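For reference, the structure discussed in these notes is given below.
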Amino acid sequence: MMRTWQISAVTDAARARIETARLAAAFGVTPLERTRLAAALSGRLRQCLTKGGTWRLALETAGGRLHVEVAPSLTAGEPPWRVTVDCPEPVAAAVSAGVTDDPGVLAEALLGADEDTALVLDRLAEQEELVTFHREELHQTNQGVLALHAELDAAGRAQREAFAAERAARQEAESARRRLTFLADASAVLTASLNHEEIVRRLPELLVPEYARTVDVWLFDAEDDRHPPAPHPAAAVVAARTGRPQYAADHPGGLPGVDDQPPSALHPTLPLLCVPLPTRRAPLGVLTLTPPGERWDPDDAVMLIELTRRASIALDNARRFEHNRDIAETLQRALLTDLPTTPGLRLAARYMPATYGLNIGGDWYDAFRQPDGSLITVIGDVTGHGLHAAVMMSQLRTALRAYAVDGGSPGVLLTRLHTFLHHLQPDLYATAVIARFQPGEPVLTWAAAGHPPPVLRDPDGRVRTLDAKPGAMLGIPLRQEIADHTVPLVPGSTLALYTDGLVERRAQGIDPGIERLAAALGGFRTEELDTDLDGSAERILDPMLSDSERDDDVCLLLCHIDSRTASAP
């Protein structure tokens, strides 16, 4: 089915529009679609009338669809305008009577158009309500999004603050760990020494430059006539008098446990931290520090005060040790005998205490004459170290001298010492070697009890170890008769008596050390031993002790028969 109209005036366009609407309604096109079709067609027809000329409107139904086409009637220069809508009703059921000028038909068409417009308006109102609803929903959603953004922003700020707090806590923990590590390491360094001068020297090395720019240690008893007293800041004097740390600066220090003082007249531009060195009796002195920067961190100041306390303990211990060591060395040297002078026989002795402890031990040497004119030389070692061993050494030395008044060979004297020590101190033992030089006899008589063997150098430089069977240690719970041994003695001979501290090393034992001693003794010329026996003893000790840890006392006694004498003493 196809219909066409020629349109050249407004009335033609109106009739064509009415007829198109009627046909669309007849074919079951929905009011909304009919309104859209009529509005689109009216707009196109107005454009055609504006351009002028005659236009052709064609309506065609085919395949359940209504095709509308507007094109020029005479010219083909402009492309046709087309639109298509669906027709729900069968095409055969739609019959149109054509367009007339009947007012009733026109009125009916106008009312139909109004009805379609009303339906469109109703649909538009529904859509507006729907739009309003969705607009409200969108507004609510926007409000929710804004609230969510606000919550996210607050959560972000809280997270950043938490990260900042965590970072600050981590830095604080790291700083605390660093301070504790430094305090532990510095304390270990200070307490490792028993020399108060070294402790005073190490304090600035430990603190500069990380915790202080300068360090001054004022020890109260270090000033004497040889060293005039240096001026000290007023804050240091206050710290010494009150026993409390003082902070001198032109601003408050804000340091816990520290009193504020005006700036120092000696250092007006520098803050000073003056910390007393406390002991149980009275302060040893005052430690005065200047900060590495503008001022100290309060936690650093607390750490410095604690380190000063520990340094004071180390200084106090070192001074106590030095005092006791001086007493012990005086006692030790008082116990060691001055060697007698004997024509034709030279003696040289060296005693070196262990470098640990109180520098006093049980090693000893002695030389004295018996009533018959014989010269007794002895070297011994009481087990243990310290004051108790030194006291027992003194008792053994005194007992030996007492027994020697009655005469007796070296073996007899050692046997009597063994019995004496066993009854005096059952849990204490000793070793010893006794050598006897008799005037006019070219024979050396000797005996040993658990002691390293003597070493004898002949005039030609050959060295022998006198390792004949010795007795057991003195004091062990065993009855023994210690035997004497003899060896020929000629002018130029040198006998070396020594303790195990000279030759024994933990990793090597004692035999390599005895061999080194024999080699050192054999390396001398007889003339050297004749003229400088003391120097020879020194030259033996230096290489022998080069690898020693000095954890034991060392004793060496050289007995040299002058090569220029005719016979032994």
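None of the figures in this text is laboratory data; all of them are computed from the coordinates on show. Small disclaimer: the values here were computed from a predicted structure and weren't measured. Note that each Cβ is placed from the backbone with ideal geometry, even for glycine, and that neighbours are counted across all protein chains shown.
Per q in 0.10, 0.11 1/Å, what log10 I(q)/I(0) does a Debye calculation on the alpha-carbon atoms of the chain return?
Result of the Debye calculation: -0.94, -1.02.
Using only Cα atoms, find the angle between the long axis of helix 31-51 and the longest principal axis of the chain, and express it within 0 to 90 degrees, rounded to the nearest 10.
Approximately 70 degrees, to the nearest 10.
Calculate, for residue 9 and residue 83, the FRET efficiency according to 1/(1 + (r/R0)^6) with r their C-beta to C-beta distance and R0 25 Å; round to the nearest 0.05. Present the calculation step by step, with values, prior to reporting the outcome.
Numbers: r = 22 Å, r/R0 = 0.89.
Step by step, r from the Cβ atoms, then E = 0.65.
Under 1.5 on a/c is rounded, so check that first for the stretch 431-529, then, if it is not, pick prolate when a/b is larger than b/c and oblate when it is not; a ≥ b ≥ c are the square roots of the alpha carbon gyration tensor eigenvalues. Write out the running numbers ahead of the final one.
On the way: a/c = 2.79, a/b = 1.20, b/c = 2.33.
Oblate shape, in that a/c is at least 1.5 and b/c is the bigger or equal ratio.
If I take R0 = 25 Å and measure r between the Cβ atoms of residue 2 and residue 39 in this structure, what FRET efficiency does the formula 1/(1 + (r/R0)^6) give, to the nearest 0.05?
Efficiency computed from Cβ-Cβ geometry: 0.60.
Taking the Cβ-Cβ separation of residue 124 and residue 163 as r and a Förster radius of 51 Å, what is the calculated FRET efficiency to the nearest 0.05?
Calculated transfer efficiency: 0.40.
Per-residue counts of other Cβ atoms within 10 Å, averaged by peptide: what ranking do you get for 292-303, 134-145, highest first?
Details: 292-303: 16.4, 134-145: 10.5.
Result, highest mean first: 292-303, 134-145.
Using per-residue counts of other Cβ atoms within 10 Å, averaged over each peptide, order 443-450, 514-521 from highest down.
Answer by packing, highest mean first, reads 443-450, 514-521.
Once the dipole of the chain is set up with Lys and Arg at +1 and Asp and Glu at -1 on Cβ about the Cα centre, which of 455, 155, 394 lies farthest towards its positive end?
455
Using a cut-off of 13 Å between beta-carbons, work out the net charge of the residues near residue 281 (Lys and Arg +1, Asp and Glu -1, residue 281 not included).
Here the count lands on +1.
Using 0.36 nm times the number of residues separating residue 401 and residue 154, minus their current alpha carbon distance, what extension gain do you get?
79.3 nm
Once the piece of chain linking residue 464 and residue 327 is laid out straight, how much longer is it, given 0.36 nm per residue of separation minus the C-alpha distance between them?
45.4 nm
Can you give me the angle between helix 103-191 and the longest principal axis of the chain, using Cα atoms only, in degrees from 0 to 90, rounded to the nearest 10?
Relative to the chain, helix 103-191 is tipped by roughly 10 degrees.
Could you tell me what fraction of 2.2 N^0.38 Å the Cα radius of gyration of the stretch 2-99 comes to, as a two-decimal ratio? Walk me through the numbers before you get to the answer.
Working: Rg = 12.9 Å, N = 98, 2.2 N^0.38 = 12.6 Å.
Expressed relative to 2.2 N^0.38 Å, the Cα Rg reads 1.03.
Tally Lys and Arg at +1 and Asp and Glu at -1 over the other residues with C-beta under 14 Å from the C-beta of residue 442: what net charge comes out?
With Lys, Arg at +1 and Asp, Glu at -1, the net is -2.
Nearest 10 degrees, 0 to 90: what angle lies between the long axis of helix 511-522 and the longest principal axis of the chain (Cα atoms)?
Compared with the principal axis, the helix lies near 50 degrees.
What is the fewest-to-most order of 166, 322 by other Cβ atoms lying within 10 Å of their Cβ?
Values: 166 10, 322 14.
So the ranking, lowest neighbour count to highest, is 166, 322.
Could you tell me the relative contact order of the chain? Use alpha-carbon pairs under 8 Å, at least six residues apart, and round to a whole percent. Show your work: numbers first, answer last.
Numbers: 944 pairs, mean separation 53.8, N = 569.
Reported as a whole number, the value is 9 percent.
For 394, 312, what ranking results if the residue with the fewest other Cβ atoms within 10 Å of its Cβ goes first?
Working: 394 18, 312 21.
Sorted ascending by nearby Cβ count, the order is 394, 312.
In the neighborhood of residue 213, defined by Cβ-to-Cβ distances under 12 Å, what is the net charge if each Lys or Arg adds +1 and each Asp or Glu adds -1?
Combined, the nearby Lys, Arg, Asp and Glu give -2.
Given 0.36 nm per residue, what is the gain on full extension from residue 281 to residue 538 after removing their alpha carbon distance, in nm?
88.1 nm
By per-residue mean of other Cβ atoms within 10 Å, what is the highest-first order of 210-216, 428-434?
Packing proxy ranking, top to bottom: 428-434, 210-216.
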